[in-house]
Amino acid sequence: MQVWIARSAETDLLEGFVFYEKQQPGIGDYFLDSLFADIDALVLYAGIHIKFNGRLHRMLARRFPFAIYYELLGDVATVVAVFDCRQNPASITERLDRS
């Protein structure tokens, strides 16, 4: 299984990094390490997560209140978004419908 990260998901990860780094220096790095470990786990576990909108799977991050949305096509899992679960669910749905 191959795992790709779309540019939109990279932007989401960067925004999360900036948010946590503002809280306390060093937490942003811990955030990225944790989320990348979760994304790396898709090599083994892609496809077992619930489908959010019939197309994208949703995996909840282990250490932070974030959800990782990915599309599974053949032997490739593409992470398309990484959202903070504390935001308005309507904005999450709207963004995913556009991707």
For this session: Could you pull out every one of the strands (runs of 3 or more DSSP E) wholly within the chain that has 1 or more residues that are over 11 Å from the mean Cα position of the chain (by Cα) and loosely packed, with under 13 Cβ neighbours inside 10 Å?
Result: 2-5, 66-73
For this session: Scan segment 79-90 and give yes if some residue there is more than 20 Å from F17 (Cα to Cα) and in contact with a strand residue (DSSP E or B) (Cβ under 6 Å, 6 or more places away or on another chain), otherwise no.
Result: no
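Bear in mind these aren't lab numbers, they're just calculated from the coordinates by the rules spelled out. Here the structure is a predicted model, which is why all the values come from computation and not from measurement. Cβ sites come from the backbone with ideal geometry, for glycine too, and all protein chains shown count toward neighbours.
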